[in-house]
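Encoded as structure tokens, here's the structure I'll be asking about.
The values are calculated or read from the model by the stated rules, or taken from the named source; none is laboratory data. In this text the structure is predicted, and so the values were computed from the model without any measurement. Neighbour counts run over all protein chains shown; Cβ positions are idealised from the backbone, glycine included.
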Amino acid sequence: MELIKKGVNMLKNVKTYWKSPPEGKYMTFREIFAYSVGGFGAYSVFTMAQALLLSTTNVIIGNTIGIQPMHMYVMYLISVITNIPLTMVRANMVDNVKYKEGKYRPYLLRMGIPTIAISILFVYTPYVKVAYIWRCILIFIYNFGLQFFYNFFYDAYENLIHVLSPNSQERTNVTAIKSMIYSLSPTITNFVTPLIAAKVANGNMYDLKVYQWLYPFIAVTGVVLLILVYSRTEEKIVIAKTHPMKIKFMDALREVAKNKYFWIISLAGWLGFLETCTYVILQWLYNYAHLCTPEQYSFITLIRGTAYSFGMVLAPFAVKKWGKKKVLIVTNIFNVFFLAMVYPLMGSIWTVLMCMYFNSIADSFILVINPAIQADIRDYQQYKSGERIDGMFGAVAMIGSFVTMATSSVLPAVYEKYGIYSGNGYENMYDILYDTNILYRLVGVLVILSAVGAALNVIPYFFYDFTEVKQKAVIKILQIRAMFEDYGNGVLKDEDMVSTVDLIRGAKEDYARGKADIVLLRKNKAQKSEIKAAVKNNEEFEIAEAVLNELDYFNTEPAKARLRWAEGIIEAGVAGISGVTADALAAAKALPKGTKDEREIRKQEIADAKLALRCKKAALKYYSGNIPDFNEEKLNSLYEEEKSLTERKSALLKSKSGKNEIAAVSEHLSETAKAIKEMHTEYQHFSESTKVYTEAKKYITKAENYEKFGEIDVKYDALSKADVAEE
């Protein structure tokens, strides 16, 4: 009865919060439904494209098309290198190109549809009719397209959850729901693939006919469900309405590079590169050792797919109880154990399935938690830098590409050592694996490598300390900063003011209660409910302390020191930038660093001195040191002129006016567009040369806005009294 009651309550909640989110949450049930069900379509396309991406273990490119392992490795290296500038383009577009739909939603269809088209073309190309060199060229061309469109599309869907809610637990919950639904896609695909192979390719899963039958169905499903995500979700970022959402590439790169949590998570991925070595084992035991029938293998893939449901269901509860860090460490340790157990049990595909099943359960927790952590570290980035940076994380992660290039040579070398190379005496180089002696020796090596990779992967997580409590504090601080910035710009809405002042007053109450002594409570054998309440109290105290420290920030010594620096920059004016010398940097480095405040002051002084020197360098480069004023009014008038000419041209085309008149307007429009482009370049040079002045001005304005909290408090009380009077 209790379960039925809970089910009824859940249905009532879905109905109540279908179009408006529950209190304290940000996503409606309609949004959750669209994002999650749409994930089935997104992951259908991911499954299709991922099977075609160049890698050292790609079975379609290696086994089916017949590209040699070392040739695949060379092509992979070239592909990674060419992807570097593409990653920079993607990062810049996400952080700086403005669409009314938001940061990520616009790219779901813009990048998803080309990904599907390239994938279909890939599998329908008749490779047997072209020479080996042309096969390599065609595969490289297709991968060049996929590197841009697929990677962009993948990032757009996966990172969308980062901006659908600033609530970390809500993001984890939604990711779990999404994961349960999207996991059906690869599970179904893996289930039907052997069945299709049995019907059209005599059971050979590496025949392109299999994918020619499968991929059109995936394409249709993908497009329909992507439209659902695009049309029924809304991005939400905690930032001032007047805050300019634009950041230069190098500035963003510099800021992300200082994010310690980004490096911890990235390092975990780089160290665990060997963990994926076992991905081919079940397929090899079926295809080469014939340890089961096609029907049994379909059943095996279906069974293994169900393993991911455990983590997707349990991860949100585990995170809520123990936190992301502890759950990641424990599940990764289980990963090492279950991977190692494959080695003594690989004589039977069913015992291997058992080990891989439990390995997949551990993996499923990581699949849910990793997107939540990625979102958290972007919140931290915004808190530290003051800018909402998303795309640039992918650009900085390019460093990992060089690590991957080096580590990816390990697997081809292992394959070659065990006889998988062109000229090994077999029609297809992988046919040597039909020799079970070679197959089992190679599988044993892959298992050992994979267990080592899993062990290395867990180490960095011990250094991750951005707890759920810290993340909640960061979101509240971002809300406070947004309130002050909007108030200073005269655009603060009453509802935003009320919610933020309520937040601040609540923090003062939480802080006044003080911390509970949990150690003493446990020593005195207090009841569990009392200890639980004390833990919650201490979390609220920690958040409140961070909030009140933010309000009081400009009374601290580091803030006062930087305010003096900012006032000095403003007093010297833009002209003073050319007078900056290396002595400023030397003086900053010579500052004391004995106390926490001294270290913070020194760190900021060094960063500001370096910024000033970069501005001077730009000023000398573009203006020979004499920075002119930028005519913003002229740029705005050009925008208006462009808009007017565009409307004029559209009207002429609709009225079917004379060609000469249309040509004249088109020429004028082209000249205006050219002038705008030139002014954009001029503005880029100006902003690069004067950034230190702009930053100083922003800092002074921020300090002035924080001093206005008394005014905001008075307005809040007046608004509350007015509401009471109306009632």
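State whether one or more residues within the range 467-480 are over 30 Å from the mean Cα position of the chain (by Cα), touching a residue at least 60 places away in the same chain (Cβ under 8 Å) and on the phi < 0 side of the Ramachandran plot. Steps first, answer last, please.
Step one: filter the range 467-480 for residues over 30 Å from the mean Cα position of the chain (by Cα), giving none.
Within the range 467-480 (the criterion being over 30 Å from the mean Cα position of the chain (by Cα), touching a residue at least 60 places away in the same chain (Cβ under 8 Å) and on the phi < 0 side of the Ramachandran plot), the answer is no, since none of the residues qualifies.
Hey, among the residues in the range 619-647 that are of a type in the set (A, V, I, L, M, F, W, C) and in a helix (DSSP H, G or I), which one's nearest to S689 (Cα to Cα)?
Within the range 619-647, the subset of a type in the set (A, V, I, L, M, F, W, C) is 619-620, 627, 630, 635, 638, 645.
The next check asks that each one be in a helix (DSSP H, G or I); those that pass are 619-620, 635, 638, 645.
Values: A619: 5, L620: 9, L635: 19, L638: 23, L645: 33 Å.
Across the range 619-647, the extreme among qualifying residues is A619.
S689: free of Cβ contacts under 8 Å to residues at least 24 places away in the same chain and in a helix (DSSP H, G or I), yes or no? Working first, answer last.
Details: free of Cβ contacts under 8 Å to residues at least 24 places away in the same chain: no; in a helix (DSSP H, G or I): yes.
It is false that S689 is free of Cβ contacts under 8 Å to residues at least 24 places away in the same chain and in a helix (DSSP H, G or I).
Please enumerate the residues belonging to the range 105-135 that are under 19 Å from the mean Cα position of the chain (by Cα) and either of a type in the set (G, A, S) or not in a helix (DSSP H, G or I) (or both).
R105, G112
For the range 416-437, check the following and say yes or no: at least one residue is at pLDDT below 90, in a helix (DSSP H, G or I) and in contact with an Asp or Glu (Cβ under 8 Å, 6 or more places away or on another chain).
no
Take the conditions loosely packed, with under 15 Cβ neighbours inside 10 Å and either on the phi > 0 side of the Ramachandran plot or at pLDDT 85 or above (or both) and apply them to P85. Does it pass? Spell out how you get there, then give the answer.
Working: loosely packed, with under 15 Cβ neighbours inside 10 Å: yes; either on the phi > 0 side of the Ramachandran plot or at pLDDT 85 or above (or both): no.
Spelling it out, it is not the case that P85 is loosely packed, with under 15 Cβ neighbours inside 10 Å and either on the phi > 0 side of the Ramachandran plot or at pLDDT 85 or above (or both).
Given (1) without any contact (Cβ under 8 Å) to a residue 60 or more places away in the chain; (2) out of contact with any Lys or Arg (no Cβ under 8 Å at 6 or more places or on another chain), identify the lone condition not met by A619.
(1)
Sticking with this one: Kindly provide the set of residues from the range 501-528 that are assigned to a loop (DSSP other than H, G, I, E, B) and surrounded by 11 or more Cβ atoms within 10 Å (Cβ to Cβ), ordered by number.
Taking the range 501-528 first, the residues assigned to a loop (DSSP other than H, G, I, E, B) are 514-517, 524-527.
Passing the criteria: K515, A516, D517, A526.
Which one of F365, F334 is assigned by TED's automatic domain parsing to the domain that holds R304, assigned to a helix (DSSP H, G or I) and crowded, with 22+ Cβ neighbours inside 10 Å?
Working: F334 fails: crowded, with 22+ Cβ neighbours inside 10 Å.
Every option except F365 fails the conditions.
On to the next question. Any residue in the range 704-726 that is at pLDDT 90 or above, of a type outside the set (S, T, Y) and more than 30 Å from V498 (Cβ to Cβ)?
No, because not a single residue in the range 704-726 is at pLDDT 90 or above, of a type outside the set (S, T, Y) and more than 30 Å from V498 (Cβ to Cβ).
Within the range 464-495, can you find the residues that are in a helix (DSSP H, G or I) and farther than 21 Å from T172 by Cβ?
If we filter the range 464-495 for residues that are in a helix (DSSP H, G or I), which is where we start, we get 468-488, 494-495.
Listed by number, the residues that qualify are I480, R481, A482, M483, F484, E485, D486, Y487, G488, D494, E495.
Still on this structure: Output yes when any residue across the range 262-279 is more than 19 Å from the chain's Cα centre (by Cα) and without any contact (Cβ under 8 Å) to a residue 24 or more places away in the chain, and no when none is.
no
Got at least one residue in the range 199-219 being surrounded by fewer than 23 Cβ atoms within 10 Å (Cβ to Cβ) and under 20 Å from K103 (Cβ atoms)?
So far as the range 199-219 goes, no, none of its residues is surrounded by fewer than 23 Cβ atoms within 10 Å (Cβ to Cβ) and under 20 Å from K103 (Cβ atoms).
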